[in-house]
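Laboratory data are not the source of any read-out in this text; all were calculated from the coordinates shown. Owing to the predicted nature of the structure, the values given are computational and were not obtained by experimental measurement. Here Cβ is always computed from backbone atoms with ideal geometry, including for glycine, and neighbour counts include all displayed protein chains.
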Amino acid sequence: MKDEVQTPEDRSASLKGMGCSRKRVEDVRFTQGKGNYVDDIKLDGMLTGDFVRSPYAHARVTAINTEVALKVPGVLAVLTAKDLEPLGLHWMPTLAGDKQMVLADGKVLFQGQEVAFVVATDRYAAADGVAAVEVDYEELPVVTDPFKAMDADAPVLREDLEGQTEGAHGPRRHHNHIFTWEMGDKDATEQVLGEADVVAEEMVYYHRTHPMPLETCGCVASMDKVTGKLTVWGTFQAPHAVRTVASLISGIAEHNIRVISPDIGGGFGNKVGVYPGYICSIVASIVTGKPVKWVESRMDNLMSTAFARDYWMKGKIAATREGKITGLWCHTTADHGGFDACADPTKFPAGFMNICTGSYDIPVAYLAVDGVYTNKAPGGVAYRCSFRVTEAAYFIERMIEVLAIRLGMDAAELRRINFIKEDQFPYQSALGWEYDSGNYHAAWDKALKAVGYDELRKEQAQRIEDFKAGKTRKLLGIGLTHFTEIVGAGPVKNCDILGLGMFDSCEIRIHPTGSAIARLGTISQGQGHATTFAQIIASEIGIPADDITLEEGDTDTAPYGLGTYGSRSTPVAGAATAMAARKIRAKAQMIAAYLLEVHDDDVEFDVDRFVVKGAPERFKTMKEIAFASYNQAIPGVEPGLEAVSYYDPPNMTYPFGAYICAMEIDVDTGEHQVRSFYALDDCGTRINPMIIEGQVHGGATEGYAIAMGQEIAYDDMGNHKTATLMDFFVPTSWETPHYTTDHTVTPSPHHPIGAKGVGESPNVGSVPCFSNAVHDAFRPFGLVQSHMPHDQWRIWKIADDLGMHG
Amino acid sequence: MSKMHVKLTLNGQEVEGLAEPRMLLIHFLRENLKVTGPHIGCETSHCGACTVDMDGKSVKSCTVFVGQANGAEITTVEGLVNEDGSLGVLQEMFREHHGLQCGFCTPGMITRAHRLLQENPNPTEEDVRFGMAGNLCRCTGYQNIVKAVLASAAQLNAVKEAAE
């Protein structure tokens with residue numbers, strides 16, 4: 001037999017299991033244009049839906065005339081709130097416990113809000129119909145500033161909530177107030193601040209931006225009136241949750257709803273939410289009896305679905321003169337737009353913002369977050385981050401820099417003396433988390449050494465001298481970041497969305513000839529699940545990854561799970577995969593022992609087989625065991641070889657990393673050039689290094705965009721100023737920096753394979769890194785804090801405000 | 001609206017159909033001809049997901065009327081596979097160097113790279129970064145795309161050299 005002469009190392013390598021840079025199985029389809037994205041779906045008789053959207057940010061809708069539109073050739077129906085009201089679908093619940101208008105019910109609260117839904121034979125007819133719908137608006141005063149929204153005489157935005165003093169997350173103290181969320185010890189923190197040697201205080205703003213996946217959101221809804229079954233294909237990061245929510249709000253029994261996420265062209269949090277387009281398409285399909293497709297335009301996408309961030313974070317950080325941090329205080333004003341549609345676990349209205357003590361051992365802390373309504377689009381999704389972790393990381397990494405300035409200290413050294421030490425893990429943070437594992441000092445030292453930190457600082461000092469001597473107009477900024485993420489939501493005991501527990505799942509079925517199919521409750525949007533999850537199974541049960549089909553996204557076939565976002569696939573579904581594989585391995589062990597005529601305990605697993613202990617020449621391969629499991633009568637053992645695991649994680653995982661960037665800045669033009677970017681990530685056990693590196697490149701590029709120019713901006717009238725790719729910055733290959741990646745490995749002690757997840761780390765870590773580089777360049781000239789995005793004009797303005805233009 | 005007769009060569013095959021004159025090429029390809037490799041990412045010529053090769057030039061088919069493509073020779077990513085159906089060099093190199101993740105930009109990216117390497121068979125990294133700047137990717141940070149295009153150039157040149 002061939003494998004008798006193979007070494008265990010050869011056999012292991014041929015499995016393409018964990019730790020190898022296995023090429024992606026998805027790519028054979030994608031590189032030929034054979035992906036199957038939602039807009040590729042074409043069904044017989046399929047109609048197209050398109051929205052009439054509000055041109056105003058705050059207005060009463062006094063009349064909607066659909067008469068002319070209904071005469072447009074190809075237009076079959078125009079839905080308004082009046083049509084949805086009898087079904088109770090003119091409003092829908094949001095993921096944050098609020099409700100949102102599906103179609104304008106008497107008023108609009110943001111520019112681009114959905115007012116009417118035109119259903120037509122094709123996209124051109126639908127667009128004609130949209131243009132022909134007449135809507136009368138009566139403008140109302142607009143408020144886009146969350147601080148002004150809390151003024152006593154601010155306009156009332158949510159008339160539907162008037163008089164309601166209790167919201168989904170506790171008391172509301174103002175008509176535009178949504179919630180106050182508090183964590184930590186307020187009194188103890190204020191006492192420490194009062195008694196501290198040094199207190200640095202700063203307002204840190206993380207501006208509004210947007211995940212902007214290249215594929216916009218969309219769906220195809222098809223109600224089969226004969227079978228009574230509703231099928232919805234859509235860009236859903238959480239297909240099972242969509243099915244349950246759709247069932248609950250429509251009254252259609254859950255077994256009669258099939259939700260399918262086909263290939264998804266990037267999600268980054270944009271595709272977690274439930275949007276009016278989904279509801280309208282479903283209703284339109286029920287009304288017309290035909291499949292209805294709705295796909296956003298780019299402008300629709302940037303104006304109406306899922307913004308991210310928009311946190312005003314006021315911070316105070318206390319320390320001794322030597323730089324030991326003694327306390328942290330933060331008050332955040334969170335601009336949620338017209339409806340609170342944040343995608344956060346129910347008990348966390350500000351997500352995991354309470355990870356804002358970061359990588360540091362801070363004895364006391366206090367965090368309060370006030371959510372506020374404004375005339376902006378709803379959302380507040382986690383744009384490649386785990387529920388406000390980006391905001392938290394940006395806040396603490398800016399506060400550290402501000403403190404370093406206050407203390408006159410090197411910011412790298414200030415970090416080092418405050419890191420949580422290796423022997424403090426598991427570490428209980430002042431704001432309520434238990435960090436699973438970490439070795440921050442090792443990562444930091446490796447990073448500083450790799451970039452030649454001391455030499456960089458020397459070069460910078462020389463540059464400052466040269467600048468002052470008039471020899472150069474370029475500054476050098478050194479951006480530092482050490483971030484700690486909290487991902488893998490999460491333990492069902494404290495993590496749910498709309499009451500749905502955040503476990504995840506994997507079902508593995510081994511075929512008689514020894515190949516397999518695995519199905520998961522998650523859904524890939526580019527992460528390469530079909531490649532990596534097969535690697536976990538390959539290593540766990542010794543079946544080559546190439547012999548394993550992986551499926552996700554079809555709620556009729558995949559086990560229930562809460563989907564892919566918040567870097568939860570590897571920490572939760574990855575764990576479920578390992579656990580399901582281990583159940584199979586346990587059964588395989590019994591079968592092997594029977595076939596080898598020894599006791600169960602006398603065989604042991606060896607790469608791709610079970611061998612008799614002490615007699616490795618006596619073995620049964622997994623292939624042989626699989627065949628026997630189906631075809632041989634084994635006393636006391638059911639036929640077949642399959643298992644399912646629903647994994648409820650005992651804790652979150654805490655990936656971390658050290659990022660360092662060197663940036664050249666032209667004082668006169670405001671232009672910047674990223675000279676180098678070094679990213680060290682510790683995501684625990686590494687499943688596929690190639691994919692990890694790709695995730696870091698991509699996440700860091702999103703972070704680069706956010707820090708250096710990308711924003712969702714409104715004028716005072718609530719006009720959206722960045723609704724096309726002309727105005728909304730997405731870096732091209734030309735301006736995107738080159739990245740150097742590195743890693744340390746500190747496995748998660750509670751995860752079956754020690755993996756922590758990596759997809760979002762680079763976004764979380766790179767934003768403060770780029771921003772700190774800009775700040776660092778101007779530090780010697782007196783800059784303490786300047787808000788992102790650091791586009792060319794804003795950098796020029798920093799220099800101008802500091803009097804550097806003479 | 002009255003329709004016009006459109007005839008063009010798509011991936012080496014003559015095809016025809018009826019379309020409103022205002023119809024955009026990307027919709028004609030995707031909806032009438034069911035060639036769904038080219039994608040729609042922005043509809044304003046910024047993202048390049050809809051890039052096709054038209055008469056020897058990279059064009060963004062979301063801003064070309066189908067009438068403008070009448071009689072043209074068009075290549076999409078579907079036309080870049082080898083005759084035996086295996087992946088073409090660019091497709092193979094994108095896979096080899098992890099030059100794609102969600103795959104949505106990939107057809108446009110590869111189609112653009114195909115033209116770029118004909119315009120400049122020996123590009124530097126800078127040439128590739130500049131020449132591919134009309135195609136946006138949200139997943140990869142471009143580093144591996146650039147690597148894949150450079151590797152393709154090397155491979156295509158080696159094949160050419162061996163043939164000479």
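Once the dipole of chain A is set up with Lys and Arg at +1 and Asp and Glu at -1 on Cβ about the Cα centre, which of A:Val372, A:Ala516, A:Ile178 lies farthest towards its positive end?
Farthest towards the positive pole: A:Ala516.
Sort the following peptides by mean Cβ neighbour count (other Cβ atoms within 10 Å, averaged over residues), highest first: A:783-793, A:103-113.
Numbers: A:783-793: 17.1, A:103-113: 24.0.
The peptides rank, most packed first, as A:103-113, A:783-793.
I need the shape label for the range B:80-163. Rule: rounded when a/c is under 1.5, else prolate if a/b > b/c, else oblate, with a, b, c from the alpha carbon gyration tensor.
oblate
Just want the answer: with Cβ charges of +1 for Lys and Arg and -1 for Asp and Glu, which residue in B:Ala154, B:Gly108, B:Gln118 is farthest toward the dipole's positive end in the range B:80-163?
B:Gly108
Ranked highest first by average number of other Cβ atoms within 10 Å, how do A:139-148, B:136-145, A:89-98 line up?
So the peptides A:139-148, B:136-145, A:89-98, ranked by packing, come out B:136-145, A:89-98, A:139-148.
Measure off 7 Å from each Cα along the Cα-to-Cβ vector at A:Phe147 and B:Thr63, then give the distance between these two points in nanometres to one decimal.
Result for the modelled spin labels: 4.0 nm.
Starting from the Cα gyration tensor of chain A, take the square roots of the eigenvalues, sort them a ≥ b ≥ c, and report rounded, prolate or oblate (rounded when a/c is under 1.5, otherwise prolate if a/b is larger than b/c, else oblate).
oblate
Among A:Glu638, A:Glu624, A:Glu702, which comes first, then next, by fewest other beta-carbon atoms within 10 Å?
By the 10 Å Cβ count, ascending, the order reads A:Glu638, A:Glu624, A:Glu702.
Is the range A:387-490 rounded, prolate or oblate when judged by the Cα gyration tensor, a ≥ b ≥ c being the square roots of its eigenvalues, rounded requiring a/c under 1.5 and prolate requiring a/b larger than b/c?
Prolate is the answer for the range A:387-490, as a/c is 1.5 or above and a/b outweighs b/c.
About its Cα centre, what dipole magnitude does the protein assembly as shown give when the only charges are +1 on Lys and Arg Cβ and -1 on Asp and Glu Cβ, stated in debye to the nearest 20? Intermediate values should be presented prior to the final figure.
On the way: 87 positive and 126 negative charges, 94 e Å.
Using only the charged Cβ atoms, the result is roughly 460 debye.
Restrict the search to the range B:1-30; then list the trypsin sites (Lys or Arg not before Pro) that DSSP places in a loop and that have at most 14 other Cβ atoms within 10 Å of their Cβ. Don't skip to the answer; put the middle values down first.
Details: sites: B:Lys3, B:Lys7, B:Arg22, B:Arg30; in loops: B:Lys3, B:Arg22.
Answer by residue number: B:Lys3, B:Arg22.
If you place +1 on the Cβ of every Lys and Arg, -1 on the Cβ of every Asp and Glu, and leave all else neutral, what size is the dipole of the range B:4-79 about its Cα centre, to the nearest 20 Debye?
Magnitude of the dipole: close to 160 debye.
Can you give me the distance in nm between label points at A:Asp801 and A:Ala713, each placed 7 Å from the Cα along the Cα-to-Cβ direction?
According to this spin-label approximation, the distance is 1.4 nm.
What order do you get for A:550-558, A:228-236 when each peptide is scored by the mean count of other beta carbon atoms within 10 Å, highest first?
A:228-236, A:550-558
With the cut-off at 23 Å, tell me which of the pairs A:Lys82/A:Lys107; A:Lys293/B:Lys57; A:Lys23/A:Lys583; A:Lys613/A:Lys756 have Cα atoms farther apart than that.
Among A:Lys82/A:Lys107; A:Lys293/B:Lys57; A:Lys23/A:Lys583; A:Lys613/A:Lys756, the Cα-Cα distance tops 23 Å for A:Lys293/B:Lys57; A:Lys23/A:Lys583; A:Lys613/A:Lys756.
Along the Cα→Cβ direction, 7 angstrom out, place labels at A:Arg457 and A:Val784. What is the inter-label distance in nm?
With each label point 7 Å from Cα toward Cβ, the separation is 2.3 nm.
Quick check for me: using +1 on Lys/Arg Cβ and -1 on Asp/Glu Cβ, what's the dipole size of the range B:80-163 about its Cα centre, in debye to the nearest 20?
Dipole about the Cα centre, nearest 20: 300 debye.
What ranking of A:Arg582, A:Arg298 emerges when the number of other C-beta atoms within 10 Å of each C-beta is taken as an exposure proxy, fewest first?
Working: A:Arg582 16, A:Arg298 21.
If I rank by nearby Cβ atoms, fewest first, I get A:Arg582, A:Arg298.
Enter the mean number of other protein chain beta carbons within 10 Å of the beta carbon of each residue in A:21-28, as an integer.
Mean shielding by partner chains, rounded to a whole number: 4.
Which of B:Cys42, B:Ala19, B:Asn70 sits closest to the plus end of the dipole of the range B:4-79, meaning its Cα is farthest towards the positive end, when Lys and Arg get +1 and Asp and Glu get -1 on the C-beta?
So the residue we want is B:Cys42.
Using only the alpha-carbon atoms, what does the range B:4-79 span along each of its principal axes? Please give whole angstrom values in decreasing order.
Taking the Cα atoms of the range B:4-79, the three principal extents are 29, 25, 20 Å.
What is the mean number of Cβ atoms from other protein chains located within 10 Å of the Cβ atom of each residue in peptide A:732-741, rounded to a whole number?
For this peptide, the per-residue mean of nearby foreign Cβ atoms is 6.
Could you work out, residue by residue across A:298-310, how many beta carbons of other chains sit within 10 Å of that residue's beta carbon, and then give the average as an integer?
Averaged over the peptide's residues, the number is 1.
In which sequence would A:Cys219, A:Cys385 go, from the one with the fewest C-beta neighbours within 10 Å to the one with the most? Intermediate values should be presented prior to the final figure.
Details: A:Cys219 30, A:Cys385 33.
In order of increasing Cβ crowding within 10 Å: A:Cys219, A:Cys385.
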